[in-house]
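Below you'll find the structure, written out as structure tokens, and then a few comments.
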């Protein structure tokens with residue numbers, strides 16, 4: 001029978017959380033109290049993911065994502081960490097979108 005120490009399990013959990021960029025950024029989004037244009041909270045645990053910079057193209061009207069989605073400028077929020085982030089609802093539709101401030 002294998003026994004696990006409480007300390008050992010806690011160390012593994014902390015290590016996994018620290019190694020996950022999505023979890024750490026969900027925290028800044030959650031802590032920031034960000035809401036979309038209809039008043040929904042942007043995220044819960046695991047709802048937001050970083051997008052590679054080459055998967056987003058900016059136009060004067062908004063952002064074109066590689067998956068074919070278009071995000072209007074008025075539905076975009078500034079990203080404090082300078083990355084693109086898409087937060088989704090349980091059905092996969094976009095809830096919030098964060099982009100680096102123009103010119104950065």
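The values are calculated or read from the model by the stated rules, or taken from the named source; none is laboratory data. Everything numeric in this text was worked out from a predicted model, so none of it was measured. No Cβ is skipped: glycine too gets one built from the backbone with ideal geometry, and neighbour counts run over all protein chains shown.
Filtered by the rule that a residue be outside any strand (DSSP E or B), on the phi < 0 side of the Ramachandran plot and surrounded by 11 or more Cβ atoms within 10 Å (Cβ to Cβ), the range 58-88 gives 61, 66, 69, 73, 75, 79, 80, 81, 83. Scanning the range 30-45 for residues that are at pLDDT 85 or above and closer than 18 Å to residue 94 by Cβ yields 32, 34, 35, 36, 37, 38, 39, 40, 41, 42.
In the range 90-104, what count of residues is obtained for those that are part of a loop (DSSP other than H, G, I, E, B) and under 15 Å from residue 50 (Cα atoms)? So that I can check it myself, show each step before the final result.
Narrowing the range 90-104 to residues part of a loop (DSSP other than H, G, I, E, B): 90-93, 100-104.
Narrowing the set further to residues that are under 15 Å from residue 50 (Cα atoms) leaves 92, 100.
So the answer is 2.
Can you tell me how many residues in the range 30-57 are part of a loop (DSSP other than H, G, I, E, B), in contact with a helix residue (DSSP H, G or I) (Cβ under 6 Å, 6 or more places away or on another chain) and surrounded by 12 or more Cβ atoms within 10 Å (Cβ to Cβ)? Selection size over the range 30-57: 2.
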